[in-house]
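> Here's a structure for you.
Here, each number is a calculation from the coordinates, and none is a lab measurement. Owing to the predicted nature of the structure, the values given are computational and were not obtained by experimental measurement. When we count neighbours, we look across all protein chains shown, and the Cβ atoms used for this are built from the backbone with ideal geometry, even at glycine.
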Amino acid sequence: MANVEGRYCIDVYEASLVEELPNGQERSWPYYEVVPRDAAVRAVSLPAVYPQGYISGVAARQACERSGKRLCKPDEWRNACMGPRATVFPYGNDRQVGRCNDNGRSGMRFFNPQLDGKEEHRWMWGHAGNMEDPRLNQLEGTLTRTGERAGCTNEYGIFDMVGNLHEWVDDPQGTFQGGYYLDTHLNGDGCNYRTTAHPVSHLDYSTGFRCCADAAR
């Protein structure tokens with residue numbers, strides 16, 4: 001974890017999951033699969049792996065707690081993203097397309113060619129579990145491995161806080177921040193990106209997380 005000014009710690013990488021088995025062993029959880037309610041999974045922060053999407057804010061909180069951590073508070077997340085220079089993007093105030101994973105392709109459109117932007121078809125985006133399709137984040141040009149965009153960082157040494165996956169924060173009403181590989185702008189630019197339109201129980205291919213912890217005293 002990275003220490004933010006001695007106030008709290010935050011995972012360097014977006015979270016992936018390991019499943020705790022009855023025999024005490026652990027195995028990696030597939031990053032493209034929804035987590036069932038009865039699965040005992042905990043959060044880990046590792047380089048060069050695909051982070052976990054398809055996760056609700058409820059499951060993200062539980063996964064952090066199983067690792068002795070917690071979800072980040074909204075301000076903690078934003079301050080860690082902006083870095084000590086308090087810039088809009090981790091690396092500066094002006095967006096550099098592709099420095100973070102902010103220019104991916106749409107798996108939804110690739111796998112569902114009948115979808116379009118017409119208002120009368122908006123309901124189709126979530127129809128029949130389309131946004132939980134495990135193929136979406138496995139399509140080339142969508143999700144990237146943690147730390148793969150080496151320039152998407154700041155002086156704290158934290159990676160991928162803008163783009164790649166939305167990241168749940170500690171809000172019982174439901175908030176995720178930072179944008180994902182198709183959008184880091186519509187709900188605020190870069191580190192200011194904040195979505196509050198979904199309940200904490202929501203999940204889809206774009207929702208991920210990382211954990212925080214109190215700094216040792």
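> Using DSSP to define loop residues, name the chymotrypsin sites (Phe, Trp or Tyr not before Pro) in segment 46-114 whose beta-carbon has at most 16 other beta-carbon atoms within 10 Å. Walk me through the numbers before you get to the answer.
Working: sites: Tyr54, Trp77, Tyr91, Phe110, Phe111; in loops: Tyr54, Tyr91.
Answer by residue number: there is no such site.
> As a check on your grasp of the helix formula, calculate [θ] at 222 nm for the chain: sum -39500 (n - 2.57) over DSSP H runs of n ≥ 4, divide by the residue count, round to the nearest 500. List each step's numbers first, then the result.
On the way: 3 runs with 24 residues, N = 217.
For the chain, the value works out to -3000 deg cm²/dmol.
> What's the local net charge at Pro134, with K and R +1, D and E -1, over the other residues with C-beta under 14 Å away? Write down the numbers at each step before the final one.
Details: positive: Arg135; negative: Glu33, Glu132, Asp133, Asp204.
Here the charged neighbours net out to -3.
> When Lys and Arg each count +1 and Asp and Glu each count -1, what net charge do the other residues less than 10 Å away from Tyr50, Cβ to Cβ, add up to? Can you show the working numbers first?
Details: positive: Arg145; negative: Glu14, Glu148.
Its environment carries a net charge of -1.
> Count the DSSP beta bridges whose two residues both fall in the chain, then state the antiparallel fraction as a percent rounded to the nearest 5. Working shown, then result.
On the way: 22 of 25 bridges.
Percent antiparallel among DSSP bridges in the chain is about 90.
> When you take every Cα atom in the chain, what is the radius of gyration, and what is Dmax, the widest Cα pair distance, in Å?
Final numbers for Rg and Dmax: 16.5, 56 Å.
> Using a 10 Å cut-off on Cβ atoms, rank the peptides 22-34, 130-142 from the highest mean neighbour count down.
Details: 22-34: 13.3, 130-142: 17.2.
Order by mean packing, descending: 130-142, 22-34.
> Further, regarding this structure: Report the local net charge at Gly83: Lys and Arg +1, Asp and Glu -1, summed over other residues whose C-beta lies under 12 Å from its C-beta.
Overall, the nearby charge balance is 0.
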